[in-house]
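Just so it is clear, none of the values below were taken in a lab; they were calculated from the coordinates. All of these numbers come straight from a predicted model, not from anything done at the bench. Methodologically, a virtual Cβ is constructed for each residue, glycine included, from the backbone with ideal geometry; neighbour enumeration extends over all protein chains shown.
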Amino acid sequence: MTQASSEPPRGGKPWGVVTEFVAPHLEVTPAADWVPRAADVFEFAIRSSIEERGRCIMAISGGNTPAAVFQELSLRPLSWSNVVLVQVDERMVSIGSGQRNLTQQLEAFQELDVRWLPLPIAEPIHDGIQSFLDELHHVAGERPILDVVHLGLGDDGHTASLIPGDPVLDVMDVDVATTGVYRGNRRVTLTRPILDRARLVVWLLHGPSKRPALAKLLRGDQSIPAGLIRPQRAIVIADEQAVPTEGAEPN
């Protein structure tokens with residue numbers, strides 16, 4: 001596994017912020033309303049960040065789940081020129097590959113005047129990661145804090161490309177690292193410390209296959225990678241089918 005050098009604060013302590021578990025707020029939405037409601041949450045977070053800090057640094061994950069949400073979000077009347085979009089994770093595949101998360105992400109936001117910070121995928125990967133971190137530090141400071149982070153949740157409990165059993169789960173001294181091979185590809189991912197520092201994490205979940213993993217996430221079960229994330233504020237937007245039997249009632 002390759003890591004980029006990025007010095008921690010004085011004293012040599014990792015850059016994690018919250019060690020205790022703060023349960024995410026669970027909002028259950030009827031399936032028909034799930035996409036617009038999720039877009040509402042992101043719109044409010046982006047707007048609030050721009051009003052408070054003059055910009056919004058938003059990290060987005062790949063996958064099919066968020067595609068419709070991002071397309072809906074792209075239609076909202078926001079100051080998009082003040083938004084920086086950072087990738088949460090990416091497969092190490094060829095630049096033009098349809099397997100890249102960036103391909104679908106660009107399609108959703110292609111008409112908008114946003115600044116992109118895509119993760120590197122080409123060798124030498126260490127140099128690419130360092131260049132990415134240099135750009136991130138330029139827009140977000142030496143100890144970057146993301147304003148909003150979108151995360152998904154795999155059936156096996158992975159989030160970002162924090163993969164069960166991979167050494168990347170133990171990386172606590174840098175903000176970006178690579179993984180071993182997972183479902184056919186190595187990956188580049190944001191690590192636990194920068195996810196923990198986020199001002200807001202928004203999990204998007206729908207469908208019954210998410211129930212077991214969501215139950216573990218809600219109780220902070222550290223047997224799954226998602227249960228290791230410790231942001232100060234997190235919300236889960238789930239449709240009714242994704243919610244465990246003991247979950248909340250629809251709003």
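Tabulated results
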read-out	value
Additional length obtainable on full extension of the chain from Q110 to H25, 0.36 nm per residue less Cα span	27.5 nm
Exposure proxy order (Cβ contacts within 10 Å, fewest to most) of D156, D127	D127, D156
Nonlocal amide H pairs with C56, under 5 Å, H built at 1.01 Å	V83, V84
13 Å beta-carbon shell around D40, net charge (K/R +1, D/E -1)	-1
Longest DSSP-loop-exposure-free segment, GluC sites (Glu not before Pro), the chain, at most 10 other Cβ within 10 Å	112-245
Prolate/oblate/rounded label for the chain (Cα gyration tensor, a/c 1.5)	rounded
Pairwise label distance in nanometres, R183 with S223, each label 7 Å out on the Cα-Cβ vector	2.2
Paramagnetic label zone (point 7 Å from Cα along Cα-to-C-beta, S79; backbone N under 20 Å) in segment 166-209	199-200
222 nm mean residue ellipticity, helices alone, for the chain (DSSP H n ≥ 4; -39,500 (n - 2.57); rounded to 500)	-8000 deg cm²/dmol
